[in-house]
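Report on the structure given below.
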Amino acid sequence: MGTVTLGVSIAVPEPYGSFLQRKRAGFGDPAAHGIPTHITLLPPTEVHTDALPAVERHLAEVAAGCRAFPLRLEGTGTFRPLSPVVFVKVTEGEAGCTALQARVRAPSGPCARELQFPYHPHVTVAHGIAEAAMDRAQDELRDFSATWTISGFALYEQGADAVWRLEREYPFGPRTAAVPRQAADLSRPPAPSC
């Protein structure tokens with residue numbers, strides 16, 4: 001029985017996603033081309049391959065109980081000195097992202113896990129690079145802003161080459177997936193948003 005490394009995230013749509021990925025690469029972050037621009041819901045998590053069907057059912061159930069919500073990225077921040085990260089801030093939709101990641105990582109579900117740091121939705125634009133490059137990232141993207149409506153999230157798998165690849169998308173709402181009727185908790189009303 002093997003394992004895979006999975007992540008769950010909200011993709012930053014075009015043209016913003018490619019723009020921020022190019023900027024991240026330009027700041028000298030070697031991981032930039034292997035990581036699609038995103039807001040993390042489940043950080044890299046190793047699971048047994050035989051658990052994948054349960055993970056996919058769980059994510060489909062989570063998505064089915066959510067509805068779209070607005071999100072705005074604006075300005076930059078950093079986790080330094082605690083963690084060598086510069087990010088674009090989520091200034092609208094933070095509560096929705098926080099609720100959504102809590103559902104994805106539900107203690108009773110197949111994606112349950114503890115986090116190294118308290119959850120803080122953000123879009124990483126520099127990680128683990130020279131301080132001067134981190135300062136440049138924080139300064140150059142200070143005026144960046146983007147607004148869109150989040151209507152789902154996605155499951156990614158990290159390959160042996162360290163590149164993250166899209167495995168499946170989970171749009172919000174009851175059309176989300178072929179979840180067996182008996183597997184869904186139909187007694188729970190859908191959340192107003194995640």
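The values are calculated or read from the model by the stated rules, or taken from the named source; none is laboratory data. Owing to the predicted nature of the structure, the values given are computational and were not obtained by experimental measurement. For neighbour counting, all protein chains shown are included, and Cβ atoms are generated from backbone atoms with ideal geometry for every residue, glycine included.
Summary of values
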{"item": "Qualifying residue in the stretch 114-122 (condition: under 19 Å from Arg22 (Cβ atoms), within 13 Å of the chain's Cα centre (by Cα) and modelled with pLDDT of 95 or more)", "result": "yes"}
{"item": "Selection count where residues are in a loop (DSSP other than H, G, I, E, B) and either at pLDDT below 95 or of a type in the set (Gly, Ala, Ser) (or both), scope the stretch 162-187", "result": "13"}
{"item": "Members of the stretch 83-121 found to be surrounded by fewer than 21 Cβ atoms within 10 Å (Cβ to Cβ) and under 20 Å from Thr147 (Cβ atoms), listed by number", "result": "Lys89, Thr91, Glu92, Glu94, Ala95, Thr98, Ala99, His120"}
{"item": "Evaluation of Ala31 against (1) at pLDDT below 95; (2) over 30 Å from Arg142 (Cα atoms); (3) among the small types (Gly, Ala, Ser) (one fails), failing number", "result": "(2)"}
{"item": "Selection count, the stretch 122-145, where residues are of a type outside the set (Lys, Arg), part of a loop (DSSP other than H, G, I, E, B) and surrounded by fewer than 18 Cβ atoms within 10 Å (Cβ to Cβ)", "result": "3"}
{"item": "Filtered residue count, the stretch 80-104, keeping only those that are out of contact with any Ser or Thr (no Cβ under 9 Å at 6 or more places or on another chain) and either modelled with pLDDT under 95 or basic (Lys, Arg) (or both)", "result": "5"}
{"item": "Residue selected from the stretch 28-58 under the condition touching a Gly at 6+ places or on another chain (Cβ under 7 Å) and in a helix (DSSP H, G or I), by the criterion nearest to Glu169 (Cα to Cα)", "result": "His58"}
{"item": "Those residues of the stretch 105-146 which are within 14 Å of Val90 (Cβ to Cβ) and β-branched (Val, Ile, Thr), in sequence order", "result": "Val123, Thr124, Val125"}
{"item": "Subset tally (residues that are in contact (Cβ under 8 Å) with a residue 24 or more places away in the chain and of a type in the set (Gly, Ala, Ser)) for the stretch 1-37", "result": "7"}
{"item": "Yes/no for Phe87 being assigned to a helix (DSSP H, G or I) and among the aromatic types (Phe, Trp, Tyr)", "result": "no"}
{"item": "Test: Ala25 is within 15 Å of Gly128 (Cβ to Cβ), assigned to a helix (DSSP H, G or I) and of a type in the set (A, V, I, L, M)", "result": "yes"}
{"item": "Condition met for Thr40 (over 16 Å from the mean Cα position of the chain (by Cα) and in contact (Cβ under 8 Å) with a residue 40 or more places away in the chain)", "result": "no"}
